[in-house]
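Please read the structure below before turning to the comments.
The values are calculated or read from the model by the stated rules, or taken from the named source; none is laboratory data. All of these numbers come straight from a predicted model, not from anything done at the bench. Virtual Cβ from ideal backbone geometry, glycine too; neighbours counted across all protein chains shown.
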Amino acid sequence: MTMATLTISSKNYSSWSLRGWLLCRMAGLEFAEEVVPVEDPANRAELLLLSPSILVPCLVHDGMRIWDTLAIAEYLNEIKPEAGLLPASRAARARCRSICGEMHSGFANLRSALPMNLKARHPGFKVWSGAQADMDRITTIWRDCFAEYKGPYLFGRLTMADAMYAPVVTRFLTYDVKLDRDCASYCDRILSLPDMIAWREAALLEPDELEELDMEF
């Protein structure tokens with residue numbers, strides 16, 4: 001069988017690419033990376049939030065082409081059920097899908113006000129009220145999951161929910177977001193995952209190609 005291929009974008013800027021890549025790694029799927037260059041007009045528009053994602057991430061596997069991160073997550077859960085991308089119980093699976101869907105379709109203010117940029121650091125960054133509401137909702141989701149499933153990840157063990165929220169963790173680091181102990185500890189655990197370390201190290205080696213996202217705030 002031909003090895004799977006995952007098309008991604010910039011590791012420094014693309015939150016959706018990180019989600020798709022993490023999901024494939026968590027599932028244990030062997031795949032080759034194909035990177036769409038930042039200078040590609042459609043890719044650049046996506047990274048600057050000027051168009052919906054149509055290029056990345058895209059998984060090609062067993063003769064099929066799967067795009068959209070949630071579709072990739074569900075597909076991987078079907079072909080790699082032993083990876084546990086969804087929790088075991090029906091109630092937990094429903095909740096996991098719900099919070100993944102909320103991340104997938106919501107939090108527009110957070111995305112625009114705190115764009116993903118792993119190489120940047122903005123100490124004392126002032127978050128405007130619309131983005132703060134998104135951040136408050138995310139940390140509420142996290143705390144509710146910790147209370148119900150007892151950690152160390154959102155549903156006890158790593159699931160697709162952790163992959164979906166991993167880019168938020170990087171944003172909280174970039175923009176010096178102050179968190180309570182439980183949420184801060186969760187961020188540390190996500191950032192300490194070997195796959196996250198590898199992704200961040202690769203991101204740091206990328207050239208600065210989006211001046212619009214490298215500005216000083």
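Yes/no matrix, rows are residues, columns are (1) out of contact with any Leu (no Cβ under 9 Å at 6 or more places or on another chain); (2) at pLDDT below 95:
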{"position": "Phe31", "(1), (2)": "no, no"}
{"position": "Pro37", "(1), (2)": "yes, yes"}
{"position": "Cys58", "(1), (2)": "no, yes"}
{"position": "Ala83", "(1), (2)": "no, no"}
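The single condition among (1) in contact (Cβ under 8 Å) with a residue 60 or more places away in the chain; (2) under 27 Å from Pro81 (Cα atoms); (3) in a loop (DSSP other than H, G, I, E, B); (4) of a type outside the set (Val, Ile, Thr) that Gly151 does not satisfy is (1). Among the residues making up the stretch 111-133, a single one is more than 25 Å from Trp199 (Cα to Cα), buried (at least 16 other Cβ atoms within 10 Å of the Cβ) and in contact (Cβ under 8 Å) with a residue 24 or more places away in the chain: Val127. So which of Ser15, Ser9 ends up being crowded, with 17+ Cβ neighbours inside 10 Å, within 15 Å of the chain's Cα centre (by Cα) and modelled with pLDDT under 90? That would be Ser9, the only listed residue that is crowded, with 17+ Cβ neighbours inside 10 Å, within 15 Å of the chain's Cα centre (by Cα) and modelled with pLDDT under 90. Among the residues of the stretch 155-212, those that are of a type in the set (Asp, Glu) and either touching a residue at least 40 places away in the same chain (Cβ under 8 Å) or buried (at least 22 other Cβ atoms within 10 Å of the Cβ) (or both) comprise Asp162, Asp176, Asp180, Asp182, Asp195, Glu206, Asp208, Glu209, Glu212.
If I go through the stretch 112-137 residue by residue, how many of them are among the aliphatic types (A, V, I, L, M) and either farther than 22 Å from Asn12 by Cα or over 18 Å from the mean Cα position of the chain (by Cα) (or both)?
Residues meeting the conditions: 2.
Mind checking which residues of the stretch 87-110 are without any contact (Cβ under 8 Å) to a residue 12 or more places away in the chain and assigned to a loop (DSSP other than H, G, I, E, B)? Of everything in the stretch 87-110, those that are without any contact (Cβ under 8 Å) to a residue 12 or more places away in the chain and assigned to a loop (DSSP other than H, G, I, E, B) turn out to be Ala88, Ser89. Checked against (1) touching a strand residue (DSSP E or B) at 6+ places or on another chain (Cβ under 9 Å); (2) more than 16 Å from Met164 (Cα to Cα); (3) in contact (Cβ under 8 Å) with a residue 24 or more places away in the chain, Gly84 passes all but condition (2). Out of Asp144, Asp162, Asp195, Asp188, one residue alone is in contact with a Lys or Arg (Cβ under 7 Å, 6 or more places away or on another chain), under 27 Å from Ala83 (Cα atoms) and either modelled with pLDDT under 95 or not hydroxyl-bearing (Ser, Thr, Tyr) (or both). It is Asp195.
Based on what the data block shows, is Ala108 among the hydrophobic types (A, V, I, L, M, F, W, C) and touching a Leu at 6+ places or on another chain (Cβ under 6 Å)? Answer is no for this residue.
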